[in-house]
Amino acid sequence: MLDSIIVAVFLFVLLCVVTIAIILFFQGKNLREKLNLLLEENAKLAEEADQFAEVAKNPLGPIFSKNAFPLILSFDTKGKIIGANDELLKKFGYTRRALVGKNALGTILPKPEKESDNIVKRLFANPNLFIDTETETTTKMGDRLWVSWTNKIVYNDRGKAISADAVGFDITKRKNMEAELQYLSSIDPQTGVMNRHALLETGTIELKRAKRYHRTISVAVIKFAVQNKNADFSDKQLKDAVALARRVIRSVDYIGRIGDVEFALILPETAIENIPFLIQRLREHLKNYNHKAPTKLALTYGSSTYKKQTDTIDALLGQAWRQLNTNKHKG
């Protein structure tokens, strides 16, 4: 009987020991997993800390490339250069000795054509309006350079402005891209003249100017066509025709494409009575062209001029187009 009790107690103790061992084993496994997770999180935090440290070194972040360094310029109220950093000297091609003491206008900042364009004078007169500026200047090497400046006025103890500190970045590539996009958005790609949208905008500006100063402005709509009905109007012929039209207009006139083979001329300071002479010169050029071309070209035109009842460029062009469609001026 005693032996049976001893055996039962032994088995119970053994079962408890095994149970505790199993519990400790799984607890140890969970602890190891938790430890691994903590180590992974710690490594991730360390990586993020390194990234933040790198950003702190370059607070401008992705706005500027790694090769973009600030241009620093200091000048007094008259524009005399007080100081400049090495990056600015390198970018504009000056030595410190050659630049310091010179006027910023005409060296780093654009030289004004008239006094109202003097950016230094305007900056000190109204600093709040010129906290940020963009300037285009020619470097000493002859390169055109666009710079975006952030300006800060320095005052003395009496609150009088004594100098300005400007921090700039080279934005030439951005400006060139903007100019290219603007050009592409306003030019007819097939002929190289203004597209309809650009011509209407330009015509609106010129009409407003004519109204303001009580000047004359006229328009003409010309349509090119091939004389042989069985022949197609090729891209080359269209370009050739536009080139001929450009030869007879002045530098102050405008030409734009407003249809498949229709073009409009905006003619400031031109009376409608003078348009037939312009068209006659164009026809003479066209006649010489037809002598050599296998396919002959002809043109039709209509014209109109500004009157009080025609208060928009659309109305002017509409009148000229309607006259064009009557085929009164064909040849």
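The values are calculated or read from the model by the stated rules, or taken from the named source; none is laboratory data. Remember, it's a predicted structure, so these values are computed and weren't measured experimentally. Don't worry about glycine lacking a Cβ; one is built from the backbone with ideal geometry, like all the others, and counts go over all protein chains shown.
Numbers for the structure displayed
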read-out: Flag if Leu238 is in a helix (DSSP H, G or I), assigned by TED's automatic domain parsing to the domain that holds Val193 and under 37 Å from the mean Cα position of the chain (by Cα); value: yes
read-out: Residue in region 248-255 that is free of Cβ contacts under 8 Å to residues at least 40 places away in the same chain and either assigned to a helix (DSSP H, G or I) or among the hydroxyl-bearing types (Ser, Thr, Tyr) (or both) present; value: yes
read-out: Condition broken by Arg174, with the remaining ones in (1) over 22 Å from Pro70 (Cα atoms); (2) surrounded by 12 or more Cβ atoms within 10 Å (Cβ to Cβ); (3) of a type in the set (Lys, Arg) satisfied; value: (1)
read-out: Answer residue from region 256-299, given it is assigned to a loop (DSSP other than H, G, I, E, B) and closer than 24 Å to Thr202 by Cβ and is nearest to the chain's Cα centre (by Cα) among those; value: Ile258
read-out: Condition broken by Ala104, with the remaining ones in (1) within 28 Å of the chain's Cα centre (by Cα); (2) modelled with pLDDT under 95; (3) of a type in the set (Gly, Ala, Ser) satisfied; value: (2)
read-out: Condition check for Val147: farther than 30 Å from Leu316 by Cα, assigned to a strand (DSSP E or B), touching a residue at least 12 places away in the same chain (Cβ under 8 Å) and outside the structural domain of Ala245 (by TED's automatic domain parsing); value: yes
read-out: In region 179-229, the residues that are in contact (Cβ under 8 Å) with a residue 24 or more places away in the chain, outside any loop (DSSP other than H, G, I, E, B) and basic (Lys, Arg); value: Arg196, Arg209, Lys211, Lys223
read-out: Residue within region 171-190 that is outside the structural domain of Val261 (by TED's automatic domain parsing) and in contact with a Ser or Thr (Cβ under 7 Å, 6 or more places away or on another chain) present; value: yes
read-out: Search result, residues across region 291-310 that are in contact (Cβ under 8 Å) with a residue 24 or more places away in the chain and not basic (Lys, Arg); value: Ala293, Thr295, Leu297, Ala298, Leu299, Thr300, Tyr301, Gly302, Ser303, Ser304, Thr305, Tyr306
read-out: Within region 227-248, considering residues that are among the aliphatic types (A, V, I, L, M) and in contact with a helix residue (DSSP H, G or I) (Cβ under 7 Å, 6 or more places away or on another chain), the one farthest from Gln190 (Cα to Cα); value: Val248
read-out: Meets criteria (in the same structural domain as Leu316 (by TED's automatic domain parsing) and within 20 Å of Asn325 (Cα to Cα)) for Ile222; value: yes
